[in-house]
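Asker: One structure follows; several queries about it will come next.
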């Protein structure tokens, strides 16, 4: 008898029972808002990716690399030429003579770099201090390892780090502090005072640092990115994650890198070699050649500040009040008290009614703390930003009794 292939999947009992490691994980806000934007034909300023293309020269270099035979497995720790040029770049900018052979590993994106660093270090019951609002991958990646995220809200509205609260939350189980600068979603950056506070807290302890610096070159108003790489006493206990895809407008390539002292990198590589093993060869070869011209990254602050400034200018006079952004792809705005909706509901309202998608910053808090703030991505064409602002300027303020 032929097998019964017409049964509805809804009526099929699972063959095995599993216990989910992330049972309460909802659909991400990025998926929700993108689906809503697509449904209503809205301009999507929600997800953090450009709507303009990368440098044609970089595309040409990838094609050249492919035609030159860079199509098989790359070295598991990364193309040697790419690691060497990154080492030179780090020493030039941050004054740290990183060893290309032992202290840099190329990764499939910054998120992977963060995840794999956590995997190599955390054990069940370890505590990790995480500042909220935070990038949505941090906490699930901590929990799936059996570790405990200790969340501390940033001070509102300047989103500064409350170091006094950090000190009070340190315990014998504190294994790591996770920092992010330039910060997603708020666009804030670390100051020298922040660095001194971090130094004071970790000195003489076994506490490690994981520093997410994927937006390192997207920094504005003549401010400086303070990388953990430039502080030897902090770097000796740190993993530092970067993204080439983010800064060079090719997020779909998923290429980044992690930097760490050799003794920490050994543990990172132990897991890396049995996970993805290596990253796409042609892209690495192309990036190695592309980065020989330092202008390709030195010009980025000016390019992206111009986009931030344009978006702020065309939003003047609207109902939205900007919160200062000093880096990243993102500009946050507060919306008025007259809007008697949650941030999530208002973001959905604007997507449906005004035709512009954003991300509610409340989604970046575990408890959905709502300060009436929306995040907009300005890594878009000038006309995209202008059209979005015009729609938002004309948006009706929904007042509910």
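The values are calculated or read from the model by the stated rules, or taken from the named source; none is laboratory data. Remember, predicted model here, so these are calculated numbers, not experimental data. All Cβ positions, even for glycine, are placed from backbone atoms using ideal geometry, and neighbour counts span all protein chains on display.
Asker: With respect to residue 178, determine if the residue is under 23 Å from residue 272 (Cα atoms) and touching a residue at least 12 places away in the same chain (Cβ under 8 Å).
Answerer: Yes, satisfied.
Let's see how each residue does on (1) part of a loop (DSSP other than H, G, I, E, B); (2) outside the structural domain of residue 73 (by TED's automatic domain parsing); (3) over 19 Å from the mean Cα position of the chain (by Cα); (4) at pLDDT 95 or above:
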site	(1), (2), (3), (4)
204	yes, no, yes, yes
241	no, no, no, yes
257	no, no, no, yes
264	no, no, yes, yes
275	yes, no, yes, no
284	no, no, yes, yes
288	no, no, yes, yes
303	no, yes, yes, yes
312	no, yes, yes, yes
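Asker: Within the set of pairs 6+ apart or on separate chains, which have a first residue in the range 137-158 that is in the same structural domain as residue 171 (by TED's automatic domain parsing), a second that is modelled with pLDDT under 95 and surrounded by fewer than 19 Cβ atoms within 10 Å (Cβ to Cβ), and C-beta atoms under 7 Å apart?
Answerer: 139/366; 140/22; 140/25; 143/22; 144/21; 144/22; 151/366
Asker: Give the residue that is farthest from residue 204 (Cα to Cα), with candidates limited to residues of the range 230-239 that are in contact with a helix residue (DSSP H, G or I) (Cβ under 7 Å, 6 or more places away or on another chain) and part of a helix (DSSP H, G or I).
Answerer: Going through the qualifying residues, I end up with 230.
Asker: To continue, here is another question. What's the number of the condition residue 63 fails, among (1) touching a helix residue (DSSP H, G or I) at 6+ places or on another chain (Cβ under 6 Å); (2) over 27 Å from residue 225 (Cα atoms); (3) part of a helix (DSSP H, G or I)?
Answerer: So the condition that residue 63 fails would be (1).
Asker: Considering only the range 187-223, how many residues are closer than 28 Å to residue 379 by Cα and loosely packed, with under 13 Cβ neighbours inside 10 Å?
Answerer: 2
Asker: Quickly run through the range 364-389 and pick out the residues that are surrounded by fewer than 17 Cβ atoms within 10 Å (Cβ to Cβ) and within 21 Å of residue 40 (Cα to Cα).
Answerer: Result: 381, 383, 386, 387.
Asker: Regarding the range 115-123, can at least one residue be identified that is under 16 Å from the mean Cα position of the chain (by Cα), modelled with pLDDT of 95 or more, more than 17 Å from residue 181 (Cα to Cα) and not in a helix (DSSP H, G or I)?
Answerer: No, that holds for no residue.
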